[in-house]
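Report on the following structure.
The values are calculated or read from the model by the stated rules, or taken from the named source; none is laboratory data. Computed from a predicted structure; not experimentally measured. Please note: Cβ atoms are built from the backbone with ideal geometry, for glycine as well, and neighbour counts cover all protein chains shown. Heads up: the accessible areas ignore ligands, DNA and RNA and are worked out on the full protein's heavy atoms, side chains in. Shrake-Rupley method; radii C 1.70, N 1.55, O 1.52, S 1.80 Å.
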Amino acid sequence: MSQGFTPEFLDELKYKCDIVEIISQYVPLQKKGSRYFGCCPFHHEKTGSFCVTQDNGFYHCFGCGASGDVIKFIMEMESMSFFDSVKYLAEKAGMQLPEMKLDPKFKEKKERRDVLKQLMRDAARYYRNNLVDEEKGKAAREYLANRGIDEETAKRYGLGLSLDYDSLIKYLRFKEYSLKDLLDCGLISNLERPSDAFANRIIVPIINSKHEVVAFGGRIYRGEENAAKYKNSTNTVLFDKGRTIYGVNYVKRDRHAGAVIHDLVLVEGYMDVISLGSAGIKNAVAGMGTALTEGQAYELKRLVPKIYVCYDGDGAGRKATLKNVDTLVKCGLDVKVVSLADGKDPDETVRECGAEGFMKYLAEALPVTEYKLDLCRKAYDLETYEGRSKYLKSALNVLKSLDDLSEREVYIDLVARLSRSSKDKLSDMLEKTSAVKSEPAQQDKIAKSLSSSRFIVNRIMNNARCAKLADIDDEWILHPVHKEIVAFARKTGEGKFNIGNMFSVIAEDKEINDILDIDMRFANEAKESAYWHDCLLTLANDSIASKLDALISVYNTLGDADEKRSAVNEISRLQRKLKSKSLGDKL
């Protein structure tokens, strides 16, 4: 996962950014032998199972499975992209990024962005001072108070106030910013007749995960007619709504202050986040548009493992929910969907029923599949034949998208009961429309192969004495992540595997965590070697059996006698290899 950086640059960066020193800034570590231990920052625990290995430059939690190098750690803790994490560490180490050397205008671009970032900070400070001014901000503060937003909440979210169309411009011009600067930041819409784009509104600064003000939102508060209730920044040099999630910076700040945050509540708008925060529910965040991007989903995944999707309780909210939950699930998040009362949004809900009432909605949240099936149920009259028929068709479309056979089995029961259909009949219908048709025995075989492959790769990664690369035929390794790791091992040399360096060239993947989680103990090296041998036999036999099955299928289609004889000879050879207990015979 070098993303344009050379392995040499990343190795030097990780060498200069001592992983123990960096992690110690977030987690108290205690040295035990050659390793360091502490409580994992990625899940709540009382006994430290978070291990940092200084020599190899990587960390691993034996509790939750989190693992990576110093770059990955910063990505997770600061919710940064790979590039931004490298940049962050490079600045700490006093290293110059390669692109700074290659792009002759890089310095100019950076200086320009720095000016605009400072301008946005100054604008946010100006708006904030207006709101807290005893006279100027009185009406706006009363409006906020009536919505349940007290002074502490307004301070937390940096709320401000635009007084008119030109005061902000005069203030920023006095600070020697040009009108072009204001235009590039989206604070004015044109140069000919410049005016505050958020005039006469309560201001919500939009702050990115790096704690930089990148945009603003504005809401009317005097009951103006013929005016949009909300006005938000369009994309600018600093702001891309598809890459920004409102509220992430506050969650990160709370976590760094010691708050334990296991999940987030994803809502539609920043006023929902602020209202929930005012009620004490401070783990809420919001996308900056109706469609959640994969990049935003991965940013949320870096923060927490679980998300409650709580959009508005209307048709548009349900449509947005269906659009976004699959993106979140695809990124590996545990997703639950909250259903609010018809027509209500999170802001209204928490103001009406308080934090305790809102938490009840969270407690009743449904898993994604159950939520989708519930929408199917509500869409049709199940007391009629036609309604049940339409429900069944809709529900089967949901079920056939599930790859997990056990999950299907659970929901087939539900659908059969509601549609008054035979469970066996539904299973047959799904079998015909699904690409997933593995029998239980086949599933067991796949599981055994995966387990064997994971053990082999684990021992290679840990430089175990039994781990001989010469024992392995690359054809035996089927999992793409395992293939990458074995290839990396061959390149670095037997017994020289460095997990920290591996993360520079192999993309982060949950599978790596599963491999590192293997902690099998053996009475002696002979038993470990025997298990290594057995696992390799499993992989080798699976590979040979697969070739054998394919060849037998081809044989049945052959008409030429010579081709048949050749195929029979090859089938016999593969059968002998399959029966042998010697690894040497398998190669």
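Residue 391 passes every criterion in (1) within 25 Å of residue 283 (Cβ to Cβ); (2) surrounded by 17 or more Cβ atoms within 10 Å (Cβ to Cβ) apart from (1). Would you confirm, using the coordinates I've provided, whether residue 165 is open to solvent by 70 Å² or more (accessible area, probe 1.4 Å) and closer than 23 Å to residue 223 by Cα? Yes; evaluated as a whole, the condition is true for this residue.
So that you can scan it fast, the table gives a plain yes or no per residue for (1) open to solvent by 40 Å² or more (accessible area, probe 1.4 Å); (2) farther than 30 Å from residue 165 by Cα:
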position	(1), (2)
199	no, no
204	no, no
215	no, no
236	no, no
252	no, yes
266	no, yes
276	no, yes
293	yes, yes
306	yes, yes
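Among residues belonging to segment 217-234 that are of a type in the set (A, V, I, L, M) and modelled with pLDDT under 95, point out the one that is least open to solvent (accessible area, probe 1.4 Å). My answer is 227.
Apart from one condition, residue 340 fits all of (1) of a type in the set (A, V, I, L, M); (2) assigned to a loop (DSSP other than H, G, I, E, B); (3) under 18 Å from residue 247 (Cβ atoms); the exception is (3). Is it the case, given these coordinates, that residue 96 is without any contact (Cβ under 8 Å) to a residue 40 or more places away in the chain and either assigned to a loop (DSSP other than H, G, I, E, B) or touching a strand residue (DSSP E or B) at 6+ places or on another chain (Cβ under 7 Å) (or both)? Yes; evaluated as a whole, the condition is true for this residue. The single condition among (1) of a type in the set (Phe, Trp, Tyr); (2) open to solvent by less than 60 Å² (accessible area, probe 1.4 Å); (3) free of Cβ contacts under 8 Å to residues at least 60 places away in the same chain that residue 532 does not meet is (3). Exactly one residue out of 460, 499, 472, 477 is in contact with a strand residue (DSSP E or B) (Cβ under 9 Å, 6 or more places away or on another chain) and surrounded by 15 or more Cβ atoms within 10 Å (Cβ to Cβ): that is 499.
Consider residue 513 carefully, then state whether it is open to solvent by 70 Å² or more (accessible area, probe 1.4 Å), under 44 Å from the mean Cα position of the chain (by Cα) and more than 24 Å from residue 473 (Cβ to Cβ). In short, no. Taken over segment 73-115, the criterion of being at pLDDT 90 or above and closer than 18 Å to residue 304 by Cβ is satisfied by 73, 74. When segment 546-587 is examined, which residues are found to be loosely packed, with under 15 Cβ neighbours inside 10 Å and either basic (Lys, Arg) or in contact (Cβ under 8 Å) with a residue 24 or more places away in the chain (or both)? Within segment 546-587, 564, 565, 573, 575, 576, 579, 581, 587 meet the criteria. Please work out if residue 508 is surrounded by 16 or more Cβ atoms within 10 Å (Cβ to Cβ), of a type in the set (D, E, K, R) and modelled with pLDDT of 85 or more. So residue 508 fails the test. The residues in segment 117-136 that are among the aliphatic types (A, V, I, L, M) and open to solvent by 10 Å² or more (accessible area, probe 1.4 Å) can be counted, and the count is 2.
For segment 124-199, list the helices (runs of 4 or more DSSP H) that sit wholly inside it and hold at least 2 residues that are over 23 Å from residue 114 (Cα atoms) and at pLDDT 95 or above; which are they?
Helices (runs of 4 or more DSSP H) meeting the threshold: 138-146, 151-156.
Scanning segment 308-320 for residues that are crowded, with 19+ Cβ neighbours inside 10 Å and outside any loop (DSSP other than H, G, I, E, B) gives 308, 309, 317, 320. On the stretch given as segment 244-294, residues that are farther than 24 Å from residue 40 by Cα, within 15 Å of the chain's Cα centre (by Cα) and part of a loop (DSSP other than H, G, I, E, B) total 3.
The rows are residues; the columns are (1) hydrophobic (A, V, I, L, M, F, W, C); (2) buried (at least 17 other Cβ atoms within 10 Å of the Cβ); (3) more than 15 Å from residue 421 (Cα to Cα).
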position: 373; (1), (2), (3): yes, yes, yes
position: 380; (1), (2), (3): no, yes, yes
position: 387; (1), (2), (3): no, no, no
position: 397; (1), (2), (3): no, no, yes
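Just to be sure, is residue 507 out of contact with any helix residue (DSSP H, G or I) (no Cβ under 8 Å at 6 or more places or on another chain) and closer than 29 Å to residue 68 by Cα? Yes; evaluated as a whole, the condition is true for this residue.
State whether one or more residues within segment 137-159 are open to solvent by 70 Å² or more (accessible area, probe 1.4 Å) and either touching a strand residue (DSSP E or B) at 6+ places or on another chain (Cβ under 7 Å) or hydroxyl-bearing (Ser, Thr, Tyr) (or both). Before you say what the answer is, go through the steps one by one.
Just the residues of segment 137-159 that are open to solvent by 70 Å² or more (accessible area, probe 1.4 Å), to begin with: 138, 142, 146, 150-152, 155.
Going one step further and asking which of them are either touching a strand residue (DSSP E or B) at 6+ places or on another chain (Cβ under 7 Å) or hydroxyl-bearing (Ser, Thr, Tyr) (or both), we end up with none.
No, segment 137-159 contains no residue that is open to solvent by 70 Å² or more (accessible area, probe 1.4 Å) and either touching a strand residue (DSSP E or B) at 6+ places or on another chain (Cβ under 7 Å) or hydroxyl-bearing (Ser, Thr, Tyr) (or both).
Considering 97, 89, which residue is of a type in the set (A, V, I, L, M), open to solvent by less than 10 Å² (accessible area, probe 1.4 Å) and either touching a Pro at 6+ places or on another chain (Cβ under 9 Å) or more than 30 Å from residue 519 (Cβ to Cβ) (or both)?
That would be 97, the only listed residue that is of a type in the set (A, V, I, L, M), open to solvent by less than 10 Å² (accessible area, probe 1.4 Å) and either touching a Pro at 6+ places or on another chain (Cβ under 9 Å) or more than 30 Å from residue 519 (Cβ to Cβ) (or both).
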